[in-house]
Structures are given as C-alpha cells and as structure tokens.
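Undergrad: Next up is a structure, given as structure tokens.
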Amino acid sequence: MWDKMQYLFRNYYDRTMHAVYRYSARTDVEALKGAYMYVLSRIDVLHSTFAANPLRPYWEVNDDYSPDDFFSFIETSSPESELDKFVTAEISPFGKVQFKAALIRSGGTDIWAVICNHMCFDGSDLRYFNMKVAESYSKFMAAGDYTVEIKSGTRSADQVYAQMSEEDKKHAMSLYKNVSTVRNKIVFPFGEDDDTLRPRLILRKLAAENFLKMKARGKKSGATVNDIIVAAYFRALFKYIETSGRTLTVPCMYDLRRYVGGSSAGLTNMIGFMPCSLDSVGENMDETVEKVKAALKPAKEDRFTGLYSLPLLKLAYKVFPHVIAEFAIKLGYTNPYIGMSNIGLINPAEFRLASAEPFDAFYSGAIKFKPYMQLALTTFKNEITFSIGVRVTDAEQKLFESFLKTVTDELTAYGNGD
C-alpha cells in the first residue's frame, strides 16, 4: 500500500531519499561494490522495476544487474560540487534498480552517498540498508566473506496490527478519519520561477554544544528534543508566513514501527502523520514550547497515533482499480504544504567501513515541488543537520538558507536561556 501511495506522491515531490557519510580514510572500492551486490541480492524490491498497471501495479524483479547500474566512483578536486550533483538526482521507479550509490574521493576524504526511491522504504529502513552494506563490507575486509543477516519478512501495511490485541486491532482497523484534512491551507512564501530553478538540498547544522544546552534546558521543563525543535520551527514559520490569525498545522512524520517492536518485518514504508496545530507562538521560545507540548499531548496519549487513515487507504486500493483509486484518494487527500520529519539518530559505529567510522553524516527526505516544503533532520554525535529539499531558484535558496538560520538561532537562544 505504501509503495502505491509513494507513487501517487510523484505529484508533490521526487520520491528520492538521501544519505551522506564522510570518512577520513580510503574505502576499498571493489569491496564496497561486492558488499552492495550481496545485500542487493537479498532485497528484491531494490532490483525491481515498477509496473504502473492501471488495474493492479506490481514490481517486476530484475536479475541482470551489475554495479554499473547503481555505483559510481568519483575522484575529484571539487567533492562538494560532485556531491550536490549526485544527491539532487531523481530515482525513476521504471529503472532497473531503485537506488544509486557514489563514493566521492578527494585527497584523504571519502564521501559515501546514497539516493533511494521512497517507494521501496522510508528513512528508517534506508538506514538499515546502509548499515547492512557497511556490515557486509567490514566482514569482507576482515574475513573475506560478505554474508550478513538481512530481514526479509512481509512489506505489507497490515503488519502494524500484528502485535495488537484483538480488541485494539479491531479498533485500529476502523480508524477511517482523514488526518490529512487541515482547516487552513497556508503555504511558504515562495518566489517566482526563473531560469535558475533546479532541485536543491539546503542544509544547516546546529552545533553539538548548542544541542546539548537546548536538550538540558528542555529536560528541566519536561520538553522532549522533538518538542523544542517543533517549537523553533513554528517560530520561524510565523516569522516568514503571514497567517492572518489563522491556525497553522504542521504534520510531523510518525514512525509506526513502535507498534511492531521498533522494526518492520521487511524493508518497507511505515510512516503516519502526527499533526501539530498552533494559532500563535507567544512571546518567546518558552511559551512556544509549552504551546507545542499542549498541542501534541492528545496525540502522545493516543494509543493509535499515526494509524488514522490507513484503513481508508487500504479500502480505496482494495475496492478500486489502481487508476481510479489514485483519483479517489487525490480527491480526499491533502498533501501537507508544510511538514517536518525527524529521521532520527545516526550511530557512527553502525556505519563503520572496516576500521573507519564516519566523522559526519546526515539523511534528508525527498525534494519537494512548489508550493510544498518539509524540514527534515538527523542527529549525529549530538550535532543536528537540518535539511530542506526543494526545487527552487537561486533567490529562493537564499530565502530557505535564511529560514534555516532562524530555526537554529531560536534553538541556540533557547539553550542559552535567552
């Protein structure tokens, strides 16, 4: 079901996820290719072509693939330019493989970058996939064997109900409420298109020192890191958007793996929405944090958060041929104009390539088409990388760079007690 939903989202963004790791050591290129070939052989959806059948779409598995179909090794004196070119490319669902990887070498630094079709799985399982490649590579370098254990269970959406009691399962499967509906359709103030329009990943970091201060201060008031970041995001949004007193709703992505013990049976998408709505942000961050805590409290106390609308989607895809199901869903579904996704922690030890741990890493979501935008973030060694993937002009890039600075300035000021 989520594969088909992500295919429908081609109307709103490029459905391509991104991961980047940086190492102060040289990686064995051939060994990395071998690790990819082993892991890829165990994950059919990644070496498949999407068949957009109007009645029932399906994946057609390909067996005639090689590293040339997905892997690039680039030695360059301009690593950032090559990285930007690589990560802003789009993965076509109609290709032979559903991801691409690059090793970009410059001097003593290797950048390992991966882009992947969101139809196959979400950020959580992209992290798992990359972790397994690193594990396979490291095992080969130590023992000459690529073999690692890789989960291979169901990719079905129904697995979210598997560990529930019969009573809870019955209730969860009746949650037909359309959570995509928002009262006010408020958009970010994009500019006009010009000939500089192109896909971009716009990044900004919050230093570890400021993150730890912000986290410590929030802990004293009972606020989670996510509460504080949502508050800073809202404060920035209210500075850049004229809401005219209207309520602004930001859907936060919600990992449904918490309903299945933290891990899906197979590599898949398992994401729902947790909306947060504010009509004002108050005078300072303290007030905004309290407003966010109050706004999110019902969702945090709801045993079924994130599961709303899933039965509605399942019913549409079950009852109608795919082409009609897409039409019906688009009539009722409102894609968030403004969203947020906390992709989570990146543990450097899980992405060790032999003896080399990354010294920096981040993940980013898909690149949105105007008027849609989403703030994504990952945490690595107590440093947060914020990213906004958008197809915009040079002038709009400066606008988003300023916006991200506003978000990090709010977090820094909060951590300093300002």
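Undergrad: Only one of (1) buried (at least 17 other Cβ atoms within 10 Å of the Cβ); (2) assigned to a helix (DSSP H, G or I) fails for Val179. Which number is that?
TA: All conditions pass for Val179, except number (2).
Undergrad: For segment 17-73, what are the residues that are small (Gly, Ala, Ser), within 25 Å of Leu345 (Cα to Cα) and surrounded by 15 or more Cβ atoms within 10 Å (Cβ to Cβ)?
TA: Matches in segment 17-73: Ala19, Ala35.
Undergrad: In segment 218-234, what count of residues is obtained for those that are open to solvent by 30 Å² or more (accessible area, probe 1.4 Å) and over 16 Å from the mean Cα position of the chain (by Cα)?
TA: The qualifying residues number 6.
Undergrad: Identify all residues within segment 1-31 that are touching a residue at least 40 places away in the same chain (Cβ under 8 Å), more than 22 Å from the chain's Cα centre (by Cα) and not in a strand (DSSP E or B); write none if there are none.
TA: If the condition is that a residue be touching a residue at least 40 places away in the same chain (Cβ under 8 Å), more than 22 Å from the chain's Cα centre (by Cα) and not in a strand (DSSP E or B), then Ser24, Ala25, Arg26, Thr27, Asp28, Val29, Ala31 are the ones that fit.
Undergrad: Just give me the residues in segment 42-65 being of a type in the set (Gly, Ala, Ser) and touching a helix residue (DSSP H, G or I) at 6+ places or on another chain (Cβ under 8 Å), in sequence order.
TA: If the condition is that a residue be of a type in the set (Gly, Ala, Ser) and touching a helix residue (DSSP H, G or I) at 6+ places or on another chain (Cβ under 8 Å), then Ala52 is the only one that fits.
Undergrad: A further question follows. Hey, Thr305 hits all of (1) open to solvent by less than 50 Å² (accessible area, probe 1.4 Å); (2) free of Cβ contacts under 8 Å to residues at least 40 places away in the same chain; (3) in a loop (DSSP other than H, G, I, E, B) but one; which does it fall short on?
TA: With respect to (1) open to solvent by less than 50 Å² (accessible area, probe 1.4 Å); (2) free of Cβ contacts under 8 Å to residues at least 40 places away in the same chain; (3) in a loop (DSSP other than H, G, I, E, B), Thr305 is out only on (2).
Undergrad: I need the full set of residues from segment 350-375 which are under 19 Å from Asp125 (Cβ atoms) and open to solvent by 20 Å² or more (accessible area, probe 1.4 Å), in order please.
TA: Across segment 350-375, the qualifying residues are Glu350, Gln374.
Residues are listed down the side, and each one gets a yes or a no for (1) among the aromatic types (Phe, Trp, Tyr); (2) modelled with pLDDT of 95 or more; (3) crowded, with 16+ Cβ neighbours inside 10 Å; (4) farther than 15 Å from Arg42 by Cα:
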residue	(1), (2), (3), (4)
Phe121	yes, yes, yes, no
Leu126	no, yes, yes, no
Thr154	no, yes, no, no
Tyr161	yes, yes, yes, yes
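Undergrad: Go through segment 182-301 and tell me which helices (runs of 4 or more DSSP H), entirely inside it, have 3 or more residues that are without any contact (Cβ under 8 Å) to a residue 24 or more places away in the chain and under 29 Å from Cys116 (Cβ atoms).
TA: So the answer is none; nothing clears 3.
The values are calculated or read from the model by the stated rules, or taken from the named source; none is laboratory data. Fair warning: this is a prediction, and the values are worked out from it, not measured in the lab. Neighbour counts run over all protein chains shown; Cβ positions are idealised from the backbone, glycine included. For the accessible areas, the whole protein counts, side chains as well, though only heavy atoms, and no ligand, DNA or RNA atoms are used. Shrake-Rupley method; radii C 1.70, N 1.55, O 1.52, S 1.80 Å.
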